[in-house]
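As structure tokens, the structure follows; a few thoughts come after it.
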Amino acid sequence: MNKHDTELLPDSFLNCLEMTDLLELDLTDTAITLDSGFDSGYNRAMISRYGLIPVVKPNPRNTKDESKLKALREDFDEQTYRERYKIERCFAWEDVYRKLVIRYEKLQATHLGFKYLAYSMINLRWFIGKN
């Protein structure tokens, strides 16, 4: 059954926190960036409750009042949110390779090998473009 990302966030977030505990990583004061689809008081409170900084793009929700729009943007860290683009761009580059988008391989190791090959080609293009 397909579920929207907003429904999966609480469980995924808690699983991530469990993993960081197992790895003995301290994520206190680390920014968590989410797009405007995740803009809710509940999500912000959940992230803050664990000592993390929620950077969620404000969703204006058809608000026309300029003072309300300004209030939405006051706590939003635009610079940190822009860093998210680098990761999103990498996922978009991965989608260029059809073999990764439509998974034909049954073995996880084969699929992972094709991912490594795609990332190698992405990096190769980047290095060639730098020279």
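Values in this text are rule-based calculations from the coordinates and carry no lab data. Quick caveat, the model's predicted, so the values are computed rather than measured. Counting neighbours? That spans all protein chains shown, and the Cβs are built from the backbone with ideal geometry, glycine included.
Just the Kirkwood number for the chain, please: inverse of mean 1/r across all distinct Cα pairs, in Å, one decimal.
Result for the chain, one decimal place: 17.9 Å.
What does the convex hull of the Cα atoms of segment 1-76 come to per residue, in Å³, rounded to a whole number? Kindly include the intermediate steps, with their values, before the conclusion.
Numbers: hull volume 6.9 nm³, N = 76.
Dividing the Cα hull volume of segment 1-76 by its residue count gives 91 Å³.
Taking Lys57 as the anchor, which lysines have their alpha carbon closer than 28 Å to its alpha carbon, excluding any fewer than eight residues away along the same chain?
Of all the lysines, those that pass the test against Lys57 - Cα under 28 Å, at least 8 places apart if same chain - are Lys3, Lys68, Lys70, Lys86.
Can you give the Rg to Rh ratio of segment 32-93, both from alpha-carbon atoms, with Rh computed by the Kirkwood formula?
Numbers: Rg = 12.8 Å, Rh = 12.7 Å.
Looking at segment 32-93, the ratio lands at 1.01.
Note down the relative contact order for segment 27-131 as a percent, whole number, built from C-alpha pairs under 8 angstrom at least six residues apart.
Values: 78 pairs, mean separation 20.3, N = 105.
Result for segment 27-131 is 19 percent.
Please state the relative contact order of segment 1-76 as a whole percent: Cα pairs under 8 Å, 6+ residues apart?
26 percent.
Search the structure for amide H atoms under 5 Å from the amide H of Thr30, placed 1.01 Å from N in the peptide plane, and list their residues when 5 or more places away or on another chain.
Ile53
Compute a Gaussian network model of the chain, connecting alpha carbons closer than 10 Å, and tell me which residue from Gly37, Gly113, Gly51 fluctuates the most.
Looking only at Gly37, Gly113, Gly51, the largest GNM fluctuation is found for Gly113.
Suppose R0 equals 25 Å. What FRET efficiency, 1/(1 + (r/R0)^6) with r the Cβ-Cβ distance, do Lys64 and Arg89 give to the nearest 0.05? Before the final figure, lay out each step's value.
On the way: r = 32 Å, r/R0 = 1.29.
Between Lys64 and Arg89 the formula returns 0.20.
Filter the GluC sites (Glu not before Pro) in segment 1-99 to those in DSSP coil with at most 14 other Cβ atoms within 10 Å of their Cβ, and list the result. Intermediate values should be presented prior to the final figure.
Working: sites: Glu7, Glu18, Glu24, Glu66, Glu74, Glu78, Glu83, Glu88, Glu94; in loops: Glu24.
Answer by residue number: Glu24.
Under the rule of -39500 (n - 2.57) per DSSP H run of 4 or more residues, summed and divided by the residues of the chain, what mean residue ellipticity at 222 nm is obtained, to the nearest 500 deg cm²/dmol? Walk me through the numbers before you get to the answer.
Numbers: 6 runs with 80 residues, N = 131.
It comes out at -19500 deg cm²/dmol, rounded to the nearest 500.
I need the trypsin sites (Lys or Arg not before Pro) found in segment 44-114, filtered to DSSP loop residues with at most 16 other beta carbons within 10 Å of theirs. Provide the component values of the computation, followed by the final result.
Details: sites: Arg44, Arg49, Arg61, Lys64, Lys68, Lys70, Arg73, Arg82, Arg84, Lys86, Arg89, Arg98, Lys99, Arg103, Lys106; in loops: Arg61, Lys64, Arg103, Lys106.
The qualifying sites are Arg61, Lys64, Arg103, Lys106.
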